[in-house]
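One structure is given below, encoded as structure tokens.
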Amino acid sequence: MSASQLLATIPPVIPIFPLPDVALFPQVPLPLHIFEPRYRAMVSDALAGDRVIGMALLRPGWEQDYYGRPPVYERGCAGRIEEHEALPDGRSNIVLRGLTRFRIVEEHAGKPYRLASVSALADTAGDAEPVEAARRALMAAIGRAADGPHVLVIKPDVPDEVFVNALSQSLALTAVERQSLIECDSVLERYRRLLSILEFRQLEDARGPAGGDPRVH
């Protein structure tokens, strides 16, 4: 699907929901609890319209201006609200399903939450043989991990673009690691990037405490 076709699935201007460590990937569901007044307004407006919300990760240093407009990474993922549960006190629970990655072109004022013009980004597949090899290598790396049996909860027969995206979203990764996966433009590139993250962690674990631990979770 071309970028123009993808853009047709989302409006040219969408609300942006920035979070420090929660990312959305195409075709994957993401449950969210909405409690801040500005994001309650965002969800209300989305439900009254096209139901689309863009997720973007906050850049390091966001704590200085969380209630303002701290910088975000320009690449994120838009999703459509599939489920909505209104709570008595005004909070709500929603489930977003990823539609397409995007690049923020320009932000706009006018709402209590953030709005941005976006350009859709298509994910390419990559050649079948290297994709299959990368998938097998990634599954082997997860199997070698100490918590492998607990994290590999995704059915192994799902399509590659869903499989790698679900892992990218569900594994315990740092914000920077998640962002590096969002910025991959193909399924093959995302497989290889996620594999490199897991292999680096396993190498650090093998070195023990003296080697340091890059994880923040």
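The values are calculated or read from the model by the stated rules, or taken from the named source; none is laboratory data. Every value quoted in this text rests on a predicted model; they were computed, and no experiment measured them. Cβ atoms come from the backbone with ideal geometry, glycine included; neighbour counts cover every protein chain shown. Remember, those area values only see protein heavy atoms, side chains included, never the ligands or the DNA or RNA. Shrake-Rupley method; radii C 1.70, N 1.55, O 1.52, S 1.80 Å.
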Scan of the range 10-54 for residues that are β-branched (Val, Ile, Thr) and either under 15 Å from the mean Cα position of the chain (by Cα) or more than 21 Å from GLU74 (Cα to Cα) (or both), ordered by number: ILE16, VAL22, VAL28, ILE34, VAL43, VAL52, ILE53
Contacts under 9 angstrom Cβ, first residue in the range 19-39 being surrounded by fewer than 18 Cβ atoms within 10 Å (Cβ to Cβ), partner acidic (Asp, Glu) and at pLDDT 95 or above, 6 or more apart: PRO29/GLU82; PRO29/GLU83; PRO31/GLU83
Residue selected from the range 102-119 under the condition open to solvent by 70 Å² or more (accessible area, probe 1.4 Å) and either part of a loop (DSSP other than H, G, I, E, B) or of a type in the set (Phe, Trp, Tyr) (or both), by the criterion nearest to GLU74 (Cα to Cα): ALA109
Conditions (1) more than 20 Å from GLU183 (Cβ to Cβ); (2) in contact with a Pro (Cβ under 8 Å, 6 or more places away or on another chain): number failed by THR100: (1)
The range 120-132, residues that are crowded, with 16+ Cβ neighbours inside 10 Å and under 19 Å from the mean Cα position of the chain (by Cα): ALA120, LEU121, ALA122, ASP123
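Conditions (1) over 30 Å from ASP205 (Cα atoms); (2) touching a residue at least 12 places away in the same chain (Cβ under 8 Å), marked per residue:
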residue	(1), (2)
ARG69	yes, yes
TYR73	no, yes
ILE94	yes, yes
GLY110	yes, no
ALA120	yes, yes
SER170	no, yes
Top-ranked residue of the range 152-174 - restricted to ones that are part of a helix (DSSP H, G or I) and open to solvent by 20 Å² or more (accessible area, probe 1.4 Å), ranked as farthest from TRP62 (Cα to Cα): ASP160
Cross-chain or 6+ apart pairs with Cβ under 9 Å, the range 42-53 first and under 11 Å from ARG80 (Cβ atoms), then small (Gly, Ala, Ser) and in a helix (DSSP H, G or I): VAL52/ALA46; ILE53/ALA46
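Results for (1) outside any strand (DSSP E or B); (2) modelled with pLDDT of 95 or more; (3) farther than 21 Å from GLU161 by Cα; (4) among the β-branched types (Val, Ile, Thr), shown as yes or no for each residue.
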residue: PRO11; (1), (2), (3), (4): yes, no, yes, no
residue: ILE14; (1), (2), (3), (4): no, yes, yes, yes
residue: PHE17; (1), (2), (3), (4): no, yes, yes, no
residue: VAL22; (1), (2), (3), (4): yes, no, no, yes
residue: HIS33; (1), (2), (3), (4): no, yes, yes, no
residue: SER44; (1), (2), (3), (4): yes, yes, yes, no
residue: GLY54; (1), (2), (3), (4): no, yes, no, no
residue: GLU63; (1), (2), (3), (4): yes, no, yes, no
residue: CYS77; (1), (2), (3), (4): no, yes, no, no
Subset of the range 62-76 (residues that are of a type in the set (Gly, Ala, Ser) and surrounded by 12 or more Cβ atoms within 10 Å (Cβ to Cβ)): GLY76
Of all residues in the range 77-101 being in contact with a Phe, Trp or Tyr (Cβ under 6 Å, 6 or more places away or on another chain) and among the small types (Gly, Ala, Ser), the one that is surrounded by the fewest Cβ atoms within 10 Å (Cβ to Cβ): GLY98
LEU99 vs. criteria farther than 15 Å from ILE10 by Cα and not in a helix (DSSP H, G or I): no
Which listed residue is open to solvent by 40 Å² or more (accessible area, probe 1.4 Å), under 14 Å from the mean Cα position of the chain (by Cα) and at pLDDT 95 or above, from GLU183, GLU177, GLU189: GLU183
